[in-house]
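Following: one structure in C-alpha cells, then a few remarks.
The values are calculated or read from the model by the stated rules, or taken from the named source; none is laboratory data. Model, not experiment: these values are computed from the prediction. All Cβ positions, even for glycine, are placed from backbone atoms using ideal geometry, and neighbour counts span all protein chains on display.
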Amino acid sequence: MKHSEVPLKIINISKTFKTGFLNLKRVKAVCDLSFTMKKGEIFGLLGPNGAGKTTTLKILTGLIFPDQGQIEEFGYPANSVKARSHIGFLPENPYFYEYLTAREFLNMCADIFNLPKKEKLEKIDYLLNKLSIAEAADRPLRKFSKGMLQRTGLAQALINDPDLIILDEPLSGLDPIGRRDFREIITNLRKQGKTVLFSSHILSDVEEICDRAAIIARGKLQEIGTIAKLLSKGVKETEIEIEATKAQLSQLQKKWKIFTNNTTLSGYRINLPPNIPLQKFIKDLVAATITIKSIKPHKESLENLFLNFNMSTDQNSPTGLQNNKQSSPTGLQNNKQNSPTGLQKNKDKEIE
Amino acid sequence: MGAVLAIAINTFRETIRNKILYTIILFVLIVLISGNYLANISMHNEDRIIMDIGLGMLSLFGVFLTVFTGINIIFKEIDKKTIYLVLSKPLNRTGFILGKLFGLLLAVYTVVVIMFAILMAQSLLMQIAYPVNLVKGFILILFEILIVLSIAIFFSSFTTPFITGMLTVGIIMVGRLLPDLHQIIRVKYVPGFWRETALSLTQIFPNLYIFVPNGHDFNGQYLSLTSDFITWNYISWTFLYTVFYSSIILVLASTILKNRDLV
Ligand SMILES: Nc1ncnc2c1ncn2[C@@H]1O[C@H](COP(=O)(O)OP(=O)(O)OP(=O)(O)O)[C@@H](O)[C@H]1O
Ligand SMILES: [Mg+2]
C-alpha cells in the first residue's frame, strides 16, 4: 500500500463481542460504521456511555479486530506496524507500569518508536514541561495522581510526533487548568497540520475545539458533519415559566400540542420547541391573562441532540431509535398524554 | 529490534523491582548454603553428590522462579491494560512476546548466575575437582529455564496466572519424569496401537529429564548433572532441543496473541 494523505478512512466496520456463559451472549458494540477524516481537522466522536466509542478507537489502533469492514490510516491497514508509526494513542483511563518513573516510561515509549537518542531526550524534556509533570518526572507512576497520569498519557501519545492523534476521553480526570492545557495542546496540533480524533461525551468540549463531529449511539453512526451543521440540527428550545391554572395549561397544551408536567412553585414550566413561533405563543399567553414569570431561550447546543440519542441506548427497544429520530429533529416531544388518538406508538421517555 | 529491546528492558526492570523476588532469593540462599553445609559434614568425601545436590537445588529454584515470574507475564499486561500503550505503537505481537521473553529470561538468569557463583565459590573452597562439570550442569539448567519460561508465556497468553501455574508445573513434572513414564508405558501396554499412541502422546511434553539427569543408566552407571557423560556434544544437542522446543511453543503463543482481541 502507498502512503496517502488521508489520515483515516473507516469503511463499514462492525464488531460484536461474545460474552457471558460459554460466550453465548452477543453484544453489538459497533455496527456498520463508516466515516473519513480530513487532514488537519479535529474530529469529535460523540456518544453516550456504551455507544461504542472506545471499541471504535481500539479497532483503529489495532488492539481489537473488527468482524467486518476496512480501515485505512494514511493508506495502511489499521493493524499494520506502518500505520501505527504515524499514530499517537491515549487510551481511556490509561494504565501504566507503576514501577517506572514518568521519564523511564516515556523513554521506553520513545524506544519502541526507535527515536534517535538525542531527539528522544529532547522530546521527553519538552513533553514533560509542556504537560507540567517535569517536577514529578523521576517519581514512580504508582505515586501519580489521576490527572498527572492523564498528562503522562498525552505525553506518550505525542512522543513520536504523530500525524494522527487518537484520544479516548482525553479531558477526563483533569482539573480546569488541565482541561485548558489539553484543549490548547489539541488546538495547537491542528495548527501544526496534525489530525486529531477524540472521543468524549462532554459536548461543550467538542463544540469548542472540534471542526467536525460524529455522533454514535448503540454502535451506529447517527449524525456526522461540521459543528455548525450539527448545531443547526440541535433543538433550540425556549423555556417559559408561567403562572396559570390547570385549566389554562391544558388549553394551551391542546392548542399548541405541547407537553409539560414541570410544575414550579407558583405555576408551570414549558419547554417550547423551535417550531412554535414564540411571538404568537406569548401573545396567546397575554390574551389569556397568564402571568409570564420568565422566558429563557436555551442556548443552541448539541446537548439536546445528544440527549435524544442517549435515550435510544435502551437496549430492549430496537425500534426506539427510529421513533426517536423521527421525533427529535422537530423537537416535538410526543407523548401518550397529548395524543388524543392514542395512536402514537412512541416509546420515548421524556426529557425532563 | 529497538522495540523488542525496549520491552525486554522494561520487563527486566519490572522483575528486578519486585520486592517479593528478594525475599525468595534470601530464603533460597539460606537454604542453599546451610543445606550444602549439612551435606558437607554428613557425607564426607562424596564431593560429586554434594555438588549434585547444590546444582539440583539451584535447578529447582531456577524453575520455581521462572514459573513464579512467568505465570503473570502476558496476562498481567492485558489484565492491567498496560498492553494498550505498547501494542498501539509500532510493535507487532510476536515482537512483544519476544521482548517479554528476553527481559524475563535476563532477570531470571541474572539471579541464578549469582547463585551459581556462590556455589562455585563453595566448590573451590572445598577443593572439589569438578568445576568444569559444574559449569556444564549449570548450562543445562539455563536451557531448562528457557523451555519452562516459553511454556509459561504460552499459557499466560490466554489464561489466568493460576491456571498457567498449574499447567506449567504439571508439564514440568511430567517432563522431568518422562523416561519413567516411557518405562511405565512399555511395561503396561503390549506392543501395538495403544502403546504407540501413548508413547506419541508423551512426545508433546518437553523432555526436561535431559537437563537434570539423576539415577542410573542401563549399565548401572550413576547419572548426574556433574557426570562425565555431559560432554560439550551433549550440551550442543540439548541446546538444539531447547531452541527447537521453545520456538514451537513461542510460535503457538504468538499465534494465539495475534488472534486475540485485547479487551
Ligand atoms: N470486552 C467486551 N466484552 C463484551 N462487551 C463489551 C466489551 N467491551 C465493550 N463492550 C460493550 O460494547 C459496547 C460499547 O462499549 P464501549 O466501551 O465502546 O463504549 P463507549 O462509547 O466507549 O462508552 P463510555 O462512554 O462509557 O466509555 C457496550 O455495550 C459494552 O458493554
Ligand atoms: Mg469509552
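Numbers for the structure displayed
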| read-out | value |
| --- | --- |
| Members of the range A:1-34 that are away from ligand 1 (no atom under 12 Å from the Cβ) and either without any contact (Cβ under 8 Å) to a residue 12 or more places away in the chain or of a type in the set (Val, Ile, Thr) (or both) | A:VAL6, A:ILE10, A:ILE11, A:ILE13, A:PHE21, A:LEU22, A:LEU24 |
| Of the criteria (1) away from ligand 1 (no atom under 16 Å from the Cβ); (2) within 14 Å of chain B (Cβ to nearest Cβ); (3) touching a Phe, Trp or Tyr at 6+ places or on another chain (Cβ under 9 Å), which one A:GLN150 fails | (1) |
| Residue within the range A:170-180 that is buried (at least 19 other Cβ atoms within 10 Å of the Cβ) and under 20 Å from B:LYS89 (Cβ atoms) present | yes |
| Residue match in the range A:52-69 (condition: within 12 Å of chain B (Cβ to nearest Cβ), closer than 26 Å to A:ILE133 by Cβ and touching a Leu at 6+ places or on another chain (Cβ under 7 Å)) | yes |
| Which listed residue is within 16 Å of ligand 2 (Cβ to nearest atom), over 23 Å from B:ALA3 (Cα atoms) and surrounded by fewer than 23 Cβ atoms within 10 Å (Cβ to Cβ), from A:LYS15, A:LYS28, A:LYS38 | A:LYS28 |
| Cβ pairs under 6 Å, 6+ apart, first in the range B:59-85 and within 14 Å of chain A (Cβ to nearest Cβ), second assigned to a helix (DSSP H, G or I) and among the β-branched types (Val, Ile, Thr) | B:THR69/B:THR15; B:ILE73/B:ILE153; B:GLU77/B:ILE83 |
| Meets criteria (away from ligand 1 (no atom under 16 Å from the Cβ) and either closer than 18 Å to A:GLY88 by Cβ or away from chain B (no Cβ under 14 Å) (or both)) for A:ASP138 | yes |
| Among (1) within 11 Å of the chain's Cα centre (by Cα); (2) not assigned by TED's automatic domain parsing to the domain that holds A:THR55 - the single one A:GLU241 does not satisfy | (1) |
| Residues located in the range A:54-82, provided they are within 12 Å of ligand 1 (Cβ to nearest atom), within 18 Å of A:LYS18 (Cα to Cα) and of a type outside the set (Ser, Thr, Tyr) | A:LYS58, A:ILE59, A:LEU63, A:ILE64 |
| Residue that is nearest to ligand 1 (Cβ to nearest atom) [pool: residues in the range A:35-48 that are part of a strand (DSSP E or B) and under 17 Å from A:GLY75 (Cβ atoms)] | A:PHE35 |
| Residue in the range B:119-131 that is within 14 Å of chain A (Cβ to nearest Cβ) and either at pLDDT 95 or above or not in a helix (DSSP H, G or I) (or both) present | no |
| Among (1) assigned to a helix (DSSP H, G or I); (2) touching a strand residue (DSSP E or B) at 6+ places or on another chain (Cβ under 8 Å) - the single one A:VAL196 does not satisfy | (1) |
| All positions within the range A:70-99 that are surrounded by fewer than 20 Cβ atoms within 10 Å (Cβ to Cβ), within 8 Å of chain B (Cβ to nearest Cβ) and more than 24 Å from A:GLY40 (Cβ to Cβ) | A:VAL81, A:TYR95, A:TYR99 |
| Test: residue in the range A:156-171 that is assigned by TED's automatic domain parsing to the domain that holds A:ASN107, away from ligand 1 (no atom under 16 Å from the Cβ), out of contact with any helix residue (DSSP H, G or I) (no Cβ under 9 Å at 6 or more places or on another chain) and more than 30 Å from A:GLU5 (Cβ to Cβ) | no |
| Among (1) within 14 Å of another protein chain (Cβ to nearest Cβ); (2) among the aliphatic types (A, V, I, L, M); (3) over 22 Å from A:GLY173 (Cα atoms), the one test that A:LEU33 misses | (1) |
| Condition met for A:LEU127 (away from ligand 1 (no atom under 16 Å from the Cβ), among the aliphatic types (A, V, I, L, M) and in contact (Cβ under 8 Å) with a residue 24 or more places away in the chain) | yes |
| Any chance A:THR226 is surrounded by fewer than 19 Cβ atoms within 10 Å (Cβ to Cβ) and either within 16 Å of ligand 1 (Cβ to nearest atom) or farther than 30 Å from A:VAL27 by Cβ (or both) | yes |
| Residues that are farther than 20 Å from A:LYS118 by Cα and more than 16 Å from ligand 2 (Cβ to nearest atom), drawn from the range A:151-169 | A:ARG151, A:THR152, A:LEU154, A:ASP163, A:LEU164, A:ILE165 |
| Number of the condition not met by A:ASN160 [criteria: (1) part of a loop (DSSP other than H, G, I, E, B); (2) farther than 14 Å from A:GLY44 by Cβ; (3) more than 14 Å from chain B (Cβ to nearest Cβ)] | (3) |
| Hits in the range A:175-202 - residues which are among the hydrophobic types (A, V, I, L, M, F, W, C) and either away from ligand 1 (no atom under 16 Å from the Cβ) or within 14 Å of chain B (Cβ to nearest Cβ) (or both) | A:ILE177, A:PHE182, A:ILE185, A:ILE186, A:LEU189, A:VAL196, A:LEU197 |
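To keep it simple, each residue is scored yes or no on (1) in contact with a helix residue (DSSP H, G or I) (Cβ under 6 Å, 6 or more places away or on another chain); (2) within 30 Å of B:ILE74 (Cβ to Cβ).
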position	(1), (2)
B:PHE162	no, yes
B:GLY170	no, yes
B:ARG176	yes, yes
B:GLN183	no, no
B:ARG186	no, no
B:VAL190	no, no
B:ALA198	yes, no
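Each row is one residue, and each column tells you yes or no for (1) in contact (Cβ under 8 Å) with a residue 24 or more places away in the chain; (2) assigned to a helix (DSSP H, G or I); (3) within 16 Å of ligand 2 (Cβ to nearest atom).
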position	(1), (2), (3)
A:GLY50	yes, no, yes
A:THR54	yes, yes, yes
A:ILE59	yes, yes, yes
A:GLU72	yes, no, no
A:GLY88	yes, no, no
A:PHE96	yes, no, no
A:GLU104	no, yes, no
A:MET108	no, yes, no
A:ASN114	no, no, no
